[in-house]
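*Asks:* Here it is: the structure, laid out below.
Since every read-out is calculated from the coordinates, none of them should be taken as a lab result. Keep in mind it's a predicted model, so treat the numbers as computed, not measured. Every residue, glycine as well, gets a Cβ built from its backbone with ideal geometry; the counts of neighbours run over all protein chains shown.
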Amino acid sequence: MESLNLIKNDPWLAPYEAAIEGRYQYVIDKEKSLTNNGKLTLSEMASGYLYFGLHKTTKGWVFREWAPNATAIYLIGTFNGWQKDNKYKLKRKANGVWEIALTDAQMYHEDLFKLLVEWDGDSGERIPAWTRRVVQDEQSKIFSAQVWNPEKPYKFKNKRFKPKKSPLLIYECHIGMSTNEEKVGTYNEFRQNILPRVAKDGYNAIQIMAIQEHPYYGSFGYHVSSFFAASSRFGTPDELKQLIDEAHGMGLAVIMDIVHSHAVKNEVEGLGRFDGSYDQYFLSGERREHPAWDSLCFNYGKNEVLHFLLSNCKFWLEEYKFDGFRFDGVTSMLYYSHGLGEAFCNYGDYFNGHQDGDAIAYLTLANKLIHEVNPGAITIAEEVSGMPGLAAKDGGYGFDYRMAMNIPDYWIKTIKEKKDEDWHPSSIWWETTNRRADEKTISYAESHDQALVGDKTIIFRLIDADMYWHMQKDDHNFMVDRGIALHKMIRLVTASTINGGYLNFMGNEFGHPEWIDFPREGNGWSYKYARRQWDLVDNLDLKYHFLGDFDREMLELIGDVKNFQDTPIQKVWDNDGDQILAYMRKDLVFVFNFSPTKSFTDYGFLVPKGEYEVVLNTDATRFGGFGLADDTIRHFTQFDPLYKKEKKEWLKLYIPARSAVVLRKVKVKK
């Protein structure tokens, strides 16, 4: 069985062979039950969005919905004064499906509508589960579905785009908070103002948060109500399509932050009690509500729910041409406990019967489907427990990458709890390179998570209040100089040790000040902290651009090495006493001096014989450093008879305190 390949890569999994094979067999059986014993492909099965919801036909319109507990359903909207009307009553078909056919004259583009669903002894207004457009009235704040059928729908121009993954350099972003102004940004503004920045800065992918419609803006998009609707607070479906299309034209892959781990509890806007029952889409009893997120948990054991979620994956790939997904909250899905209060200290914690086999089957099938629809698609798991096989194909769950969530936690803990002289290179090396051999990861120093209100970004932890007063170029301040130096070093060691990809959250590349806080009652509904102050990095009289410039050159260096993420990482030296770390990747030598006070002259490393040139230095004056070393000097290795057989010689460098340098072996011209 294929799972044996997973075990072959990690012999420590051998005692759990039966559990691994059992999970794998369950996926095979589940796929058979979904595809009529293989008579359909997974992709053909996951096409519910082409059947359910509202569709234009040659004769008018057809609308379908799945609501097995309903006793009657009516369309209500601007076309009938929001009144219950038998002309708009749906007919019940088999398996809980309801349907209505309408003429052209009964419904028009941009009409607003909902369902009036009746069940035993009660009724309620509902937004259709499969609707593709939801809008909110500015005065009443009420949400409604909207007919979207423009005369000239957007047509994609870049039809053969393939994501670049060598390596994958991701710019995590949020459309609404991407504007400099204190407001909600739009798809068009992002397309015009931010995409060119991202491409210029050297990223080859954007990962967009909060696309699926959510009633509460402050949820950061994680309390989804309408899974097939792109959030209208940022613009129209066609404007999002144009954004994605133009991103592809710039060479940027577009990854969607997809939320299938839970759903908002709302009943009118969401799926909370869609057909009057509590368990149509969700678990029943104590497992229905998520204990930490104030949300509802999907029932992944129900084929209709799998059909809904798998169709959702295919929909975003086909309709909007997204290049893949970052699955949110995977840990919560994998365990009955949602991972809460569990330590995950040994392999037994992954195979002790506390895992949700239905959720595991769903994630495995979702990955298979996504890559069936688009073989070049990207899937990333946000998962903190370290579940083996998550990002493995043979017997695993099929993700392309998993988030290296240990790394940002490590940096925060280090900055918060350790003096500068206690930053140990051996620990930094372990944390940035410790991962499963058979899985690719996305490394990052910080994402949006580390910047949410109540927390701080790395730059703000390093500099704190001095950022408000001492970021002018001619203002020399110890805390600012220290913070800028360490910010660059943290990013360089994180990005240069990747085995898959690297991620940065919008604005953090230039040290965006302060935290993220969406408008809410507690802050007077202010947008002050739910935006990005691009004027800071654009102002060359301030120091922010030093960090942005360094980030761009760092990514250029990494991107110029073919398949950089796959090149072996060889540790050359680490010394916790000196706080020195050095390692090689192909022809590049990375050298870090984390000491806050000690600079070293003629510090030696054994490297392949040859001539080396400096290609990046965190201490360069153009990056806000002191320029203590002469980077124009070529460095020649020095012969040592003890290492003649190894073909290694001493590379001796001047390494200033709190700095890092990257050297490249000069190719000998033949």
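*Asks:* Return the subset of Lys571/Lys669; Lys39/Lys314; Lys56/Lys265 for which the Cα-Cα distance in this structure is over 22 Å, preserving the input order.
*Replies:* Pairs exceeding the cut-off: Lys571/Lys669; Lys56/Lys265.
*Asks:* Ignoring everything except DSSP H segments at least 4 long, calculate the 222 nm mean residue ellipticity for the chain; use -39,500 (n - 2.57) per segment, divide by total residues, nearest 500.
*Replies:* -7000 deg cm²/dmol
*Asks:* Follow-up. Just to be sure I understand the model, the point goes 7 Å from the Cα along the line to the Cβ. What's the resulting Lys39 to Ala72 distance in nm?
*Replies:* With each label placed 7 Å out from Cα toward Cβ, I get 3.6 nm.
*Asks:* By how many nm would the segment from Ser166 to Lys667 lengthen if fully extended, with 0.36 nm per residue of separation less the alpha-carbon distance?
*Replies:* Stretched fully, the Ser166-Lys667 segment lengthens by 178.1 nm.
*Asks:* Let me ask something else about it. Under 20 Å Cα-Cα from Lys528, which lysines qualify once same-chain neighbours fewer than 8 residues away are excluded?
*Replies:* Lys183, Lys456
*Asks:* Please compute the alpha carbon radius of gyration of segment 7-158, then divide it by the globular-protein estimate 2.2 N^0.38 Å. Two decimals is fine.
*Replies:* Relative to the 2.2 N^0.38 Å estimate, segment 7-158 comes out at 1.45.
*Asks:* While we're here: At 0.36 nm per residue, and after removing the present C-alpha to C-alpha distance, how many nm does the segment from Thr433 to Lys59 gain when stretched out fully?
*Replies:* 128.6 nm
*Asks:* A further question on this structure: If one computes P(r) from the Cα atoms of segment 108-239, what percent of pairs lie at distances over 22 Å?
*Replies:* When every Cα pair of segment 108-239 is considered, 49 percent fall beyond 22 Å.
*Asks:* Ok, one more. How do 38-50, 514-526, 613-625 rank on mean C-beta neighbours within 10 Å, highest first?
*Replies:* 613-625, 38-50, 514-526
*Asks:* Could I ask something else about it? Per 10 Å bin from zero, what fraction in whole % of the C-alpha pairs of segment 425-571 is there, up to the bin with the longest pair?
*Replies:* For segment 425-571, the binned pair fractions read 10, 36, 33, 17, 4, 0 percent.
*Asks:* Further, regarding this structure: Positive end of the dipole of the chain, charges at C-beta (+1 Lys, Arg; -1 Asp, Glu), about the Cα centre: which of Gln242, Gly96, Ile516 has its Cα farthest in that direction?
*Replies:* Highest projection toward the positive end goes to Gln242.
*Asks:* Follow-up question, since we're still on this one. Please state, to two decimals, what the Cα-based radius of gyration of segment 242-329 comes to when divided by 2.2 N^0.38 Å (N = residues).
*Replies:* 1.29
*Asks:* I'd like the Kirkwood hydrodynamic radius of the chain, using the inverse of the mean 1/r over distinct C-alpha pairs, in Å.
*Replies:* 26.9
*Asks:* Using the Cα atoms of segment 540-670, I'd like the radius of gyration and the largest Cα-Cα distance, Dmax, both in angstrom.
*Replies:* Here Rg and the maximum Cα pair distance are 15.2, 53 Å.
*Asks:* May I ask you to list the aspartates and glutamates whose Cα is less than 12 Å away from that of Lys241, ignoring any residue fewer than eight positions away on the same chain?
*Replies:* Glu318, Glu319
*Asks:* Next question. Return, for the Cα atoms of segment 524-588, the radius of gyration and Dmax in Å, separated by a comma.
*Replies:* Answer for segment 524-588, Rg first and Dmax second: 18.6, 54 Å.
*Asks:* Now, a different point. So if I take the alpha carbon set of segment 208-285, get Rg, then get Rh from the Kirkwood formula, what is the Rg over Rh ratio?
*Replies:* 1.07
*Asks:* Here is a follow-up. Reachable aspartates and glutamates from Lys157, Cα under 12 Å, same-chain residues fewer than 8 places away excluded?
*Replies:* Within the straight-line cut-off, Lys157 pairs with Asp245, Glu246.
*Asks:* For the charge dipole of the chain, defined by +1 on Lys and Arg C-beta atoms and -1 on Asp and Glu C-beta atoms about the Cα centroid, which residue among Ser447, Thr71, Asn193 has the Cα displaced farthest towards the positive pole?
*Replies:* Among Ser447, Thr71, Asn193, the one farthest towards the positive end of the dipole of the chain is Asn193.
*Asks:* Suppose R0 equals 56 Å. What FRET efficiency, 1/(1 + (r/R0)^6) with r the Cβ-Cβ distance, do Gln25 and Glu110 give to the nearest 0.05?
*Replies:* Efficiency at R0 = 56 Å is approximately 0.70.
*Asks:* Additional query: For Phe550, what is the net charge nearby, where nearby means another residue's Cβ is under 13 Å from its Cβ and Lys, Arg count +1, Asp, Glu -1?
*Replies:* Taking every other residue near Phe550 into account, the sum is -2.
*Asks:* So if each residue of separation counts as 0.36 nm, and I subtract the Cα-Cα distance between Lys183 and Ile142, what length gain in nm does that give?
*Replies:* 12.8 nm
*Asks:* Turning to a different aspect of this structure: Which one of Ala660, Thr567, Leu581 is farthest out on the positive end of the charge dipole of the chain, using unit charges on Cβ (Lys, Arg +1; Asp, Glu -1) and the Cα centre as origin?
*Replies:* Going by the Cα projections, it comes out as Thr567.
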